[in-house]
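Right, one structure below, let's go through it.
The values are calculated or read from the model by the stated rules, or taken from the named source; none is laboratory data. Being a predicted model, the structure only gives us computed values, none of them experimental. Cβ coordinates were reconstructed from backbone atoms using ideal geometry, including for glycine residues, and neighbour counts include every protein chain displayed. The area values use the complete protein model at the heavy-atom level, side chains included, leaving out ligands, DNA and RNA. Shrake-Rupley method; radii C 1.70, N 1.55, O 1.52, S 1.80 Å.
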Amino acid sequence: MKPTQQKQFDKTAFQNSVKKHLTSTYATTLQTATSRAWYLAMGRALAELTTFDLLETEHDEKIRHAKSVNYLSLEFLIGRLTGNNLISLGLYSQVNDAMNELGQHLTDLLEEERDPSLGNGGLGRLAACFMDSLAAQEFPCVGYGLHYEYGLFKQSFALGRQQEAPDAWRSVEGYPWEVARPNLAQEIGFYGQVEVYQENGEERRRWVPGMTVKAMPWDMPIVGYESDTVYPLRLWECRAIAPFSLASFNNGNYFEAQHALIDAGNITKVLYPNDNHEKGKTLRLMQQYFHSAASVRDILRRHEEIGHSLESLPDYETIQLNDTHPTIAIPELMRILIDEKGLSWDDAWRISSKTFAYTNHTLLPEALETWSEALLQHLLPRHMEIIYQINHLFLKEVREKWPGDVSKQRKLSIIQEGFHRMVRMANLSVVGSYAVNGVAALHSNLVKRDLFPEFHELYPTRLQNVTNGITPRRWLKFCNPDLSELITSKIGDQWPTDLDQLEAISQYADDPQFQQQFMAVKKANKQRLADWVESNMGIVLDTNAIFDVQIKRLHEYKRQHLNMLHILSLYHRLLNEPDFDMAPRVVFFAAKAAPGYHLAKEIIYALNKISERINGDPRINDKLKVVFIPDYRVSIAEIIIPAADVSEQISTAGKEASGTGNMKMALNGALTIGTMDGANVEIREEVGDDNIYIFGLDVDQVEALHANGYNPYDYYHADPLLKASLELLLGDEFTPGEPGKLRVTYDSLLDGGDPYLVLADFAAYVQAHEAMDRQYRDQAGWAKKAILNTALVGKFSSDRSIRDYVNNIWKLEAVKR
Ligand code: 26Q
């Protein structure tokens, strides 16, 4: 901590500020204020401090003249800011004391904050961790996202089925940490046509939009850990240009005018709830362009305000595209440079193609974005022209490299031919970027080998790897204070900014006293989770049981249904094998399903019904419990992760690009049961084979099995335990009096062909669990493995990921204030 930080905190002034906000901002009194009002007033008082530092950082001459990264993402899943910012500010205990004197408990007030759920899952959470690591290491940056009025839907269950409700994360009072920046608002066009005109004897083109909306920025402060650098997460909100058209108001068309207002307001109304699946909806494309256009203009504004030439843009600004979602920023920058700034195509392309870099997060074909050419043409006619020209020049390169090879041209073209011609956003991103990266070593290799092999040949240095990471501030220091203190008592307090230091903990892995302390912390965290479950769900849990955790979006490739089959196999054995013994186990799930993903919702339903039956079955003697925690979000992850004994990372090999929950749970001392997929491969490298339970088919075996014609019935008939487990889904065991209600899941695994090879991996998965079960009964041995997990995963700090981006891709320097 910088000494200046503590000096800056004036307790009385802070308390007065809280009181002032209670009365003047929230119209309440010290006597009548609710906890919620206290939280809001405290948040505003704290935000005053960070807004001050935000503006100081923005105006710092050294920072203004340094190179910055602009992280463009349609999602930033930041989670609650108050507790985290208190830690970064180094003010947690001072504010705790100050609020105590006002008769308030800080921990209670923190619970009043609603999560800003402005993302679906891994990709959005990664963006949030990256912002934390950028600010912590003082790399100049701006995060650009969207200010959705409604975040990811709230999930509840009705008779076991997922219900979705809108997530009004700002409530009526607004969110205390955000500050509107009306001076930085932009106008964004849509539709219209391209006009051709002459200037100085030259033919020029300009886009005349048919509709214009306003982009209003809201800044969220990203507070550098123990530094007074605050960088902005700038979220654009769409508004109608004027409240309504005055002309139509006056001629009586008032309601028509209101219509325009509603349309514009719609663009940032709600986050699309699809994850790893694209649906070519117009409104989604409007969101993407709105986001890209506002962000690119803001970047150019900053660049030009300092007086830099356009030529030097890549020396001062780099733009990282978080997946293809903001790819339309590439033709937008080209359009501005050519049509508005008067640059030649070649000059514009030289600038643009040195400015953008693109991160790929998926190999799943259904997740690769394509947009209908007709839709793009209609919505963004000038961008479509620019895309054609980029493609034209690119295909020339392809022909030079592979003369006469039409199939290469067809495969690499940015335009996919066919009855409905489509624009391939991934191809546009690769062509328009100076660097492309995957998110884990295995994934990046598959990007080179399977997804973009020709691009790799054409541009041999463009494709790279940057393994994902997580911020140790939120995902250890803040969410697991007891473990953090234990670690600090052994190795000092510098590990949150230098996570490799955790390795020094490994010397205590065999120390019985440390083992006992480590397991006592785990037990207390399990108790905290058990208390949450009891008070929110009415299920009583035994903290001696193995806490076996799978928390992530519901998707077939993540194979929650493989976990389900394991549960069914345990249930079957408990009821049918007199000699079967197992350590008590609680299996936790938390997962949202995309509202349109039918099978995912059926799997949730099945898990809920199975949970109901098993938890209430006296025959199994409390050996097994299943808990499906509703409404998975960052704040509940902060309770579950520190309590996990077992981390389920069981995707079909080759399908999970990286995973980041795997890193969070290992860091908090859970043992992973996982496939050779994503970052599991690198976690195994770090913790060693003895401290992780790897099972199942690897990428090559998956490929071979598909190539040889996979038939799930082969496994079904050959393995009696598998057959018995699956058949439990057919009767009325879990839906008394209503047999067959769970058969959708059963059918997908048999007649449906089991596309993710659940049945093929079942036996190996059961075996790996048996080995874990045996290990758990030797608590000292388990403790050693758990300690080594915490000690050896320092690599997965997002600080390291950011340094990899900085050194290998962005080439920027940290700027100390
Ligand atoms: C695309 C078009 C239209 C609507 C929605 C989307 C869309 C939205 C979100 C497509 C994909 C996503 C999210 C993808 C995602 O979260 N991927 C995960 O990224 C993590 C961070 O790199 C990885 O750890 C995970 O492996 C990967 O699945």
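Report yes if some residue within segment 384-391 is charged (D, E, K, R) and more than 16 Å from the ligand (Cβ to nearest atom); otherwise report no. Within segment 384-391, one or more residues are charged (D, E, K, R) and more than 16 Å from the ligand (Cβ to nearest atom). Selection of first residues in segment 189-205 that are hydrophobic (A, V, I, L, M, F, W, C) and of second residues that are open to solvent by 80 Å² or more (accessible area, probe 1.4 Å), restricted to Cβ pairs under 7 Å at least 6 apart or on distinct chains, gives the following pairs, ordered by first then second residue: 196/203. In segment 417-430, of all residues being open to solvent by less than 10 Å² (accessible area, probe 1.4 Å) and more than 14 Å from the ligand (Cβ to nearest atom), the one that is nearest to residue 379 (Cα to Cα) corresponds to 428.
Within segment 354-374, residues that are at pLDDT below 95 and small (Gly, Ala, Ser) have Cβ atoms under 8 Å from residues that are open to solvent by 30 Å² or more (accessible area, probe 1.4 Å) and near the ligand (Cβ under 10 Å from one of its atoms) in these pairs: 367/276; 367/277; 367/278, counting only partners at least 6 apart in sequence or on another chain. Scanning segment 307-329 for residues that are in a strand (DSSP E or B) and either of a type outside the set (A, V, I, L, M, F, W, C) or open to solvent by 10 Å² or more (accessible area, probe 1.4 Å) (or both) yields 317, 318, 320, 322. Just to be sure, is residue 79 touching a Phe, Trp or Tyr at 6+ places or on another chain (Cβ under 7 Å) and open to solvent by less than 10 Å² (accessible area, probe 1.4 Å)? When the stated conditions are applied, residue 79 does not pass them.
In segment 738-817, counting only helices (runs of 4 or more DSSP H) that sit wholly within it, the ones holding 1 or more residues that are open to solvent by 10 Å² or more (accessible area, probe 1.4 Å), in contact (Cβ under 8 Å) with a residue 12 or more places away in the chain and over 30 Å from residue 701 (Cβ atoms) span 758-777, 779-792, 798-805.
On the stretch given as segment 662-701, residues that are over 18 Å from residue 505 (Cβ atoms), among the aliphatic types (A, V, I, L, M) and open to solvent by less than 10 Å² (accessible area, probe 1.4 Å) total 2.
Only one of the listed residues (412, 486) is away from the ligand (no atom under 16 Å from the Cβ), open to solvent by less than 10 Å² (accessible area, probe 1.4 Å) and without any contact (Cβ under 8 Å) to a residue 60 or more places away in the chain. That residue is 412. Just one of the listed residues (332, 304) is open to solvent by less than 10 Å² (accessible area, probe 1.4 Å) and among the acidic types (Asp, Glu), namely 332. Taking the criterion of being outside any helix (DSSP H, G or I) and open to solvent by less than 30 Å² (accessible area, probe 1.4 Å), the residues of segment 45-66 that qualify are 60, 66. Filter segment 188-207 down to residues that are assigned to a strand (DSSP E or B) and out of contact with any helix residue (DSSP H, G or I) (no Cβ under 9 Å at 6 or more places or on another chain), then give me how many there are. Summing the residues that are assigned to a strand (DSSP E or B) and out of contact with any helix residue (DSSP H, G or I) (no Cβ under 9 Å at 6 or more places or on another chain) in segment 188-207 gives 7. Figure legend. Inter-residue proximity from segment 110-131: first residues more than 14 Å from residue 802 (Cα to Cα) and open to solvent by 10 Å² or more (accessible area, probe 1.4 Å), second residues more than 10 Å from the ligand (Cβ to nearest atom) and assigned to a helix (DSSP H, G or I), beta-carbon distance below 7 Å, spacing 6+ or different chains. Indicated pairs: 110/82; 110/83; 112/35; 112/36; 112/39; 115/634; 115/635. With respect to the stated conditions, residue 743 fails to be of a type outside the set (S, T, N, Q) and at pLDDT below 95. Across segment 367-384, the number of residues qualifying as within 18 Å of residue 326 (Cα to Cα) and in a helix (DSSP H, G or I) comes to 10.
Within segment 262-288, if we keep just the residues that are more than 11 Å from the ligand (Cβ to nearest atom) and at pLDDT 90 or above, the residue that is farthest from residue 239 (Cα to Cα) turns out to be 282.
Taking the listed residues 648, 727, 733, the one that is open to solvent by 40 Å² or more (accessible area, probe 1.4 Å), within 30 Å of residue 531 (Cα to Cα) and either within 27 Å of the chain's Cα centre (by Cα) or at pLDDT 95 or above (or both) is 733, with no other qualifying. Mind listing just one residue for me: the one in segment 118-141 that is away from the ligand (no atom under 13 Å from the Cβ) and in a loop (DSSP other than H, G, I, E, B) and, of those, farthest from residue 225 (Cα to Cα)? In this case the residue turns out to be 140.
So is residue 691 over 18 Å from residue 441 (Cα atoms) and not hydroxyl-bearing (Ser, Thr, Tyr) or not? Taking the combined requirement at face value, the residue satisfies it. Only residues that are open to solvent by less than 30 Å² (accessible area, probe 1.4 Å), away from the ligand (no atom under 16 Å from the Cβ) and aliphatic (A, V, I, L, M) were counted across segment 354-383, and they come to 1. All told, residue 80 falls short of being within 13 Å of the ligand (Cβ to nearest atom), closer than 23 Å to residue 167 by Cβ, of a type in the set (D, E, K, R) and in contact (Cβ under 8 Å) with a residue 12 or more places away in the chain. Taken over segment 580-594, the criterion of being touching a helix residue (DSSP H, G or I) at 6+ places or on another chain (Cβ under 8 Å) and over 18 Å from residue 548 (Cα atoms) is satisfied by 580, 593, 594. What do you reckon, is residue 710 within 30 Å of residue 671 (Cα to Cα) and open to solvent by 10 Å² or more (accessible area, probe 1.4 Å)? For residue 710, the condition - within 30 Å of residue 671 (Cα to Cα) and open to solvent by 10 Å² or more (accessible area, probe 1.4 Å) - is not met. Of the residues making up segment 142-169, those that are in contact (Cβ under 8 Å) with a residue 24 or more places away in the chain, assigned to a loop (DSSP other than H, G, I, E, B) and not aromatic (Phe, Trp, Tyr) are 147, 149, 151, 152, 160, 166, 167. Counting only residues that are part of a helix (DSSP H, G or I) and surrounded by fewer than 19 Cβ atoms within 10 Å (Cβ to Cβ), segment 88-106 holds 7 of them. In this structure, is residue 298 over 22 Å from the mean Cα position of the chain (by Cα) and farther than 18 Å from residue 381 by Cβ? For residue 298, the condition - over 22 Å from the mean Cα position of the chain (by Cα) and farther than 18 Å from residue 381 by Cβ - is met. Report yes if residue 634 is out of contact with any strand residue (DSSP E or B) (no Cβ under 7 Å at 6 or more places or on another chain) and farther than 22 Å from residue 733 by Cα, otherwise no. Spelling it out, residue 634 is indeed out of contact with any strand residue (DSSP E or B) (no Cβ under 7 Å at 6 or more places or on another chain) and farther than 22 Å from residue 733 by Cα.
Do the conditions hold for residue 32, that is, is it open to solvent by 80 Å² or more (accessible area, probe 1.4 Å), out of contact with any Lys or Arg (no Cβ under 9 Å at 6 or more places or on another chain) and over 24 Å from residue 174 (Cα atoms)? So residue 32 does not fit the description; no.
Within segment 631-663, restricting attention to residues that are over 29 Å from residue 520 (Cβ atoms) and polar (S, T, N, Q), the residue that is nearest to the ligand (Cβ to nearest atom) is 658. Considering segment 410-512, the qualifying helices (runs of 4 or more DSSP H), each wholly inside and each with 1 or more residues that are under 30 Å from residue 282 (Cα atoms), run over 425-432, 453-458.
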